[in-house]
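These notes are about the structure you will find just below.
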Amino acid sequence: MAIAKALNAGLQKAMQDDPKVLMFGEDVAQLGGVFRVTEGLHKEFGDSRVFNTPIAESGIVGTAIGLAMRGYRPVTEIQFDGFVFPAFNQITTQLAKLTSRSEGFLQMPVVIRIPYGGGIGAVEHHSESPEAYFAHTPGLRIVTPSNPNDAYWMIQEAIKSPDPVIIFEPKRRYWQKGPVNLDIAPMPLHSARLMREGTDVTLLAYGPMVTTALQAAELGAEEGISIEVIDLRSLSPIDYPTLFASANKTGRVVMVHEAPTNVSLSSEIAARITENCFYSLEAPVLRVGGFDTPYPPAKLEEAYLPDADRILEAVDRSMAY
Amino acid sequence: MTPDNSTPMMQLLAPDGTYGVPAQYAKYGEIIDSLGEDQLKTFYRDMARIRRFDIEAIALQRQGQLGLWVPAIGQEGAQIGSGYAVGPNDHIFPSYREHGVAITHGVELMSILKMMRGVNHGGWNPEETRYHLYSIVLGAQVLHAVGYAMGVKFDGRVGTGDKDSDLAVISYFGDGATAEGDVSESLLFAAVYEAPIVFFVQNNQWAISSPVEQVTKVPLYMRGSGFGVPGMRVDGNDVLACYAATKLHMDEAREGAGPYLIEALTYRIGAHTTSDDPSKYRDESEVEYWKARDPIPRFETFLRRQGIEDSFFEDVKQAGDELAADIREQTFALTTPPLENIFDFVYSESHPDIVQQRAWLKAYEESMGSHE
């Protein structure tokens, strides 16, 4: 099953299990969303549970908050990463804070689905990785699947959470296939997963970069470097015990993401690993990411995005310490 | 600003206290006809009560007991009138100046003072009071109100004919907030989903220092029309007009008529907040003009002509003074919660960063010894 299909199946299951689950956003009904992640849901669940909204992202998230107050579990789709910013105010000043503001009287079981990342040859605002803005905000939970099985289970667990969850979906991997276990959830929502064992360097990745990280590890092995790959899966909270265990084991950490590295997830993780694993480290935590520029025009994105070579360059630098 | 007389405005009670129902507003007059003396007295009592509370809160802020106060002086007619028109199942989404609406729905005045003292961000239970938390980001709450109303509609609690079950939503905001994109999106979503909601705009004519003429080119009651939300202007200093308009349109929303917008033309007699200085941007003559249209003396004149005796007004005044003394005492007695409480409700389910930081704070405080 492909990631897009797994998300679709997970949404369908959640909507079958709980009549309070709603799915809405731009073009999510008859069309099934621009990536077809919601395909068939409108037909199965009807206008009152799966509906198109006006093209107004703040309105989508703001009304989701009101619907959550009314006892619904809204799942909203932001059509592309770069379109989340009109909703930034509702997400950060309202959704993230209402449970705290109300001293626990209100819960906010709202899910925001955001296809993110580059690699699809799109125009501006369709290829960004804005996760750090949200990971910085207390009150939000953030997850990102890298494979179909996680996609199927994460969307369902996000919907069950009493807290707001943003699920960043790796859009260029939507059609990547893999096995899905429809019966048993793989692991808790906010756990990192050891994808490949290694002994020389720990490579941390999430979302679309997990596939790239695994490619780099394969190439590294050919060169005689044993690379351990961890898929973060959750960006808030981050499963630090799993990260620290690997850092303590290998003594070398490289982290990769598509987002610009300046004040990014890898900035925070490098700091935490340094604080907690200082005496185990053989090298500083190194980072591979997008450049600190606006996302480039599509013809340049292949060169802009981290690939296995860029990762291995950092691995070599780490090994040289 | 003096009012724009070319805009139609429902007024049932003239500034001199004369009551009269223009023919085009007959259905609103019928609502007032159905009110008993006790209800009229309640309107007066609560307008006077919230005015006295407001004056005391300003004094408490000046004495350093509150971090900030947001006065609503002059807007009592709009707030008490509309507040009492909201039904027992309806939900209210206020901005941050609707202290008058709060008391019509059982919100403790001390809850508001706690927020303004800085000991919490508004810790009342919005499900219990149906009066939602104050929203300081302008217009943000209006979308929540629309979402709530959409949910009411999805629940099938609109237009069933069962008055005990059907409900509607009212959202309050000011002339300044109408500029926010969230308000426009709210009007649009409400119209598209035919949500049972009344938008109650208190046009108090000043967005801090910007007069309403600088933030809109058409009267605000027309703001919804392009979205498909009809509206009307009422005299916001006429408690009866505000009650009748809100009652009728909340009833209609509950019955399935969809959204409606009421612009209550009123005036902010006081400052925007205790941090503001209106003398920098408006003439005292303007304030005097509006003081002559104050909602409370106007209604008092009306009630006295109805035969309400002196003793009632004396009792109200005495109750106000007692309330002021009481809230003063309670404010002085407010305690500041321990810092560790900030961790309690960031998430509904445990989050490791919160757990860790709470533990760190505890260890740190213990290492520093007692604060006593």
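The values are calculated or read from the model by the stated rules, or taken from the named source; none is laboratory data. Small disclaimer: the values here were computed from a predicted structure and weren't measured. We place every Cβ from the backbone using ideal geometry, glycine too, and count neighbours over all the protein chains shown. With ligands, DNA and RNA removed, areas are computed over all heavy atoms of the protein, side chains included. Shrake-Rupley method; radii C 1.70, N 1.55, O 1.52, S 1.80 Å.
Have a look at A:M319, A:A245, A:T38 and report the one farthest towards the positive end of the charge dipole of chain A, computed about the Cα centre with Cβ charges (Lys/Arg +1, Asp/Glu -1). Going by the charge dipole, the pick is A:T38.
Which FRET efficiency value, to the nearest 0.05, is calculated for B:E309 and B:D344 with the Förster distance at 45 angstrom and r the Cβ-Cβ distance?
0.30
Taking 0.36 nm per residue of separation and subtracting the current Cα-Cα distance, fully stretching the chain between B:N125 and B:D326 would add 70.1 nm.
Can you classify region B:105-260 as rounded, prolate or oblate using the Cα gyration tensor, where a ≥ b ≥ c are the square roots of its eigenvalues, rounded means a/c under 1.5, and otherwise it's prolate if a/b beats b/c and oblate if not? Kindly include the intermediate steps, with their values, before the conclusion.
Details: a/c = 1.56, a/b = 1.07, b/c = 1.46.
Oblate is the answer for region B:105-260, as a/c is 1.5 or above yet b/c matches or exceeds a/b.
The calculated FRET efficiency for the pair A:Y279 and B:T7, based on their C-beta separation and a Förster distance of 60 Å, comes to about 0.20. The residue list A:P296, B:I112, A:V180 was ranked by how far each Cα lies along the charge dipole of the protein assembly as shown toward its positive end, using unit charges on Cβ atoms, and A:V180 comes out on top.
The ratio of the alpha-carbon radius of gyration of chain A to the globular-protein estimate 2.2 N^0.38 Å is 0.98. Note on A:Q215 and A:R317: their simple-model spin labels are 2.1 nm apart, each label 7 Å out from Cα toward Cβ. GNM on chain B, alpha-carbon springs under 10 angstrom: the most fluctuating residue among B:H99, B:H249, B:H144 is B:H144.
Across the accessible surface of the protein assembly as shown, with the other protein chains kept in place and a 1.4 Å probe, carbon and sulfur atoms take up 52 percent. From the Kirkwood radius over Cα pairs of chain B, Stokes-Einstein at 4 °C and 1.567 mPa s returns a whole-number translational diffusion coefficient of 60 µm²/s.
Among the residues of region A:66-95, those with an accessible-area drop of 20 Å² or more from chain alone to full protein complex, heavy atoms and 1.4 Å probe, are A:G66, A:L67, A:M69, A:R70, A:Y72, A:N89, A:Q90, A:Q94. Distance between the C-alpha centres of region B:285-338 and region A:6-50: 54 Å, rounded to the whole angstrom. Over chain A, what is the mean sequence separation of C-alpha contacts under 8 Å (at least six apart), divided by residue count, expressed as relative contact order in percent? Across chain A, relative contact order equals 16 percent. The simple Förster model, with R0 at 22 Å and r as the Cβ-Cβ distance, assigns A:A271 and A:H136 a FRET efficiency of 0.95. Helix A:148-160 and the long axis of chain A differ in direction by around 50°, with both axes built from C-alpha atoms. Between the helical axis of B:352-367 and the longest alpha-carbon principal axis of chain B there is an angle of about 60 degrees. Using Cβ point charges alone (K and R +1, D and E -1), the dipole size of chain A about the Cα centre works out to roughly 880 debye. Here's the picture: charge each Lys and Arg Cβ at +1 and each Asp and Glu Cβ at -1 in region B:23-333, and of B:S210, B:L68, B:F313 the one pushed furthest to the positive end of that dipole is B:S210. Entry note, chain B: relative contact order of 24 percent, from Cα contacts under 8 Å with a spacing of 6+ residues. In the context of the full set of protein chains, the protein assembly as shown has a per residue accessible area of 39 Å² (1.4 Å probe).
Cross-link partners of A:K299 among aspartates and glutamates, defined as those whose alpha carbon lies under 14 angstrom from its own and excluding same-chain residues fewer than eight positions apart: A:E124. The magnitude of the dipole of region B:23-333, with charges of +1 and -1 set on the Cβ of Lys/Arg and Asp/Glu and taken from the Cα centre, is near 480 debye. If only the Cβ of Lys and Arg carry +1 and only the Cβ of Asp and Glu carry -1, the dipole of region A:1-126 around its Cα centre is close to 340 debye.
Derived from the Cα gyration tensor, the three semi-axes of the equivalent ellipsoid of region B:55-137 are 22, 15, 9 Å, largest first. Within chain B, DSSP assigns beta bridges of which about 10% are antiparallel (rounded to the nearest 5).
Only protein heavy atoms count here, probed at 1.4 Å, and on that basis chains A and B bury about 3500 Å² of accessible area in total.
Would region B:239-308 count as rounded, prolate or oblate if I go by the C-alpha gyration tensor, calling it rounded below 1.5 in a/c and otherwise prolate when a/b exceeds b/c, oblate otherwise? Oblate is the answer for region B:239-308, as a/c is 1.5 or above yet b/c matches or exceeds a/b. Entry note, region A:168-321: relative contact order of 24 percent, from Cα contacts under 8 Å with a spacing of 6+ residues. The lysine pair count for chain B, using Cα distances under 18 Å and pairs eight or more places apart or on different chains, is 5.
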